[in-house]
1. Would you please give the residues with an amide H less than 5 Å from that of residue 310, counting only those at least 5 places away or on a separate chain, with H modeled from the backbone geometry?
2. At 0.36 nm per residue, and after removing the present C-alpha to C-alpha distance, how many nm does the segment from residue 393 to residue 270 gain when stretched out fully?
3. Give me the percent of the accessible area of region 277-325 that comes from carbon and sulfur atoms, probe 1.4 Å, all protein chains in place.
4. Quote to one decimal, in nm, the extra length available between residue 369 and residue 225 on full extension: 0.36 nm per residue of separation minus the C-alpha distance between them.
5. Would you kindly derive the ³J(HN,Hα) couplings of region 302-319 from the backbone phi angles with the Karplus curve 6.51 cos²θ - 1.76 cosθ + 1.60 (θ = phi - 60°), listing them in order in whole Hz, with x for Gly and Pro?
6. Quick check: pseudo-label points 7 Å beyond the Cα along Cα→Cβ at residue 54 and residue 135, how many nm apart are they?
7. Which whole-Hz ³J(HN,Hα) couplings does region 387-400 yield from phi under the Karplus relation 6.51 cos²θ - 1.76 cosθ + 1.60, θ = phi - 60°, glycine and proline marked x?
8. Please compute the length gained on full extension between residue 190 and residue 94, using 0.36 nm multiplied by the number of residues separating them and subtracting their Cα-Cα distance.
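The values are calculated or read from the model by the stated rules, or taken from the named source; none is laboratory data. Fair warning: this is a prediction, and the values are worked out from it, not measured in the lab. Cβ placement follows ideal geometry from the backbone for every residue including glycine, while neighbour counts extend to all protein chains displayed. These area figures cover heavy atoms from the full protein model, side chains too; ligands, DNA and RNA do not enter into them. Shrake-Rupley method; radii C 1.70, N 1.55, O 1.52, S 1.80 Å.
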Amino acid sequence: SPDEGWQVYTSAQAPDGKCLCTAVIPVQGTCSRDLRSHQLRQLMEKVQNISQSMEVLDLRTYRDLQYVRNTESLMKGLDSRLKVAAESQKSLNAKSFQELKDKMTELLPLLPVLDQYKSDTRLIVHLKEEVRNLSGSLLAIQEEMGAYDYEELQQRVLMLEARLHACMQKLGCGKLTGVSNPITIRASGSRFGSWMTDTMTPSADSRVWYMDGYYKGRRVLEFRTLNDFVTGQNFVQHLLPHPWAGTGHVVFNGSLYYNKYQSNIAVKYHFRSRSVLVQRSLAGAGYNNTFPYSWGGFSDIDFMVDESGLWAVYTTNQNAGNIVVSRVDPQTLEVLRSWDTGYPKRSAGESFMICGTLYVTNSHLAGAKIYFAYYTNTSSYEYTDIPFHNQYSHISMLDYNPRERVLYTWNNGHQVIYNVTLFHVIKTSGEL
């Protein structure tokens with residue numbers, strides 16, 4: 001399904017000789033296996049279960065057979081004594097009768113062993129039927145798949161997946177053309193907050209950071225994995241030296257970037273050393289609900305990361321309340337360059353950066369859509385009409401993660417993600 005696998009749509013050649021294609025990037029960067037692979041895995045599990053049952057059966061049969069062999073001489077002796085007793089009942093005195101009873105008592109444990117053999121016989125019949133079914137299923141799959149065995153097919157899939165990853169990296173940036181339906185990860189916390197993964201670390205690092213509330217907060221929870229975040233387990237707590245304002249925080253290369261409460265100061269907090277590495281004022285940037293998004297919540301300054309680096313979105317009195325986009329040096333927090341988008345920040349629900357383009361929603365409530373796009377590479381803008389399903393009716397945080405190519409959202413106490421559809425223009429001379 002589109003939520004699981006990589007997909008490329010509508011490849012075509014434009015009149016100018018360029019290749020046009022649209023790619024859907026999944027939540028996780030792994031291809032979903034096909035139906036036959038799933039069936040093969042199920043069959044392999046059945047074979048493993050049958051093998052284990054056979055091993056247990058073999059061990060038990062060996063043990064019981066040894067017991068039967070050990071009782072063989074006892075049974076022969078008892079048989080001869082019974083024959084003597086039957087031929088000459090007068091010689092069967094009390095002592096001899098008691099000896100016969102004792103010998104019979106010694107043979108009583110043989111009864112449950114024989115009962116177990118009956119049960120094992122039924123199990124063998126069942127296992128024979130299972131093996132017959134498995135053989136038929138494997139034969140059918142083999143005929144459909146041809147000469148390739150499962151291991152070879154699996155290796156081919158992994159190689160194709162690696163090539164597809166490399167292809168997507170070469171595709172690089174694209175224009176946003178669609179957003180998937182929301183995928184709810186967890187429902188927790190208050191109405192407002194933020195959550196995120198690191199936008200730059202290797203994919204093996206799946207830590208999740210969680211910051212509940214929109215002002216005066218200092219507690220950041222770090223979960224080891226996404227699954228731990230879903231279950232609320234295996235986390236450590238970071239206590240920030242300065243409280244935060246708003247929900248526009250971002251984790252980039254092991255550090256948290258956030259707006260210091262009651263100021264326009266940007267703070268870089270390093271998680272491993274648990275210390276503030278640098279803080280710097282964003283000159284002229286409004287704060288304390290001077291220029292928030294439409295939902296308020298001290299959301300004056302919003303940090304973002306995309307494929308090209310760290311950004312700050314805010315506004316100033318000089319820009320008459322219109323959104324300013326600034327490239328920020330992640331080491332020094334120095335503003336490298338700024339753009340005036342001309343879009344009033346108080347009219348925006350939320351915004352996010354993808355490939356150097358700022359996308360703005362027209363509301364934080366139900367019925368919102370991605371309404372405006374500003375392109376920093378050309379210093380131009382356009383109005384857009386991209387549907388955006390606001391399932392829980394109150395978005396207070398919306399950020400793009402370029403590593404995973406998904407949108408992270410805090411929606412009325414729900415932590416939600418969206419897949420994105422990007423439109424790519426690739427020169428046909430380029431190698432994919």
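1. 328
2. 40.9 nm
3. Here carbon and sulfur together make up 46 percent of the probe-accessible area.
4. This chain segment gains 48.7 nm when fully extended.
5. 10, 8, 9, 9, 10, 4, 9, x, 8, 10, 10, 10, 7, 8, 9, 5, 4, 8
6. 1.2
7. x, 9, 7, 8, 5, 10, 6, 7, 8, 10, 6, 8, 9, 9
8. Gain in length upon complete extension: 25.7 nm.
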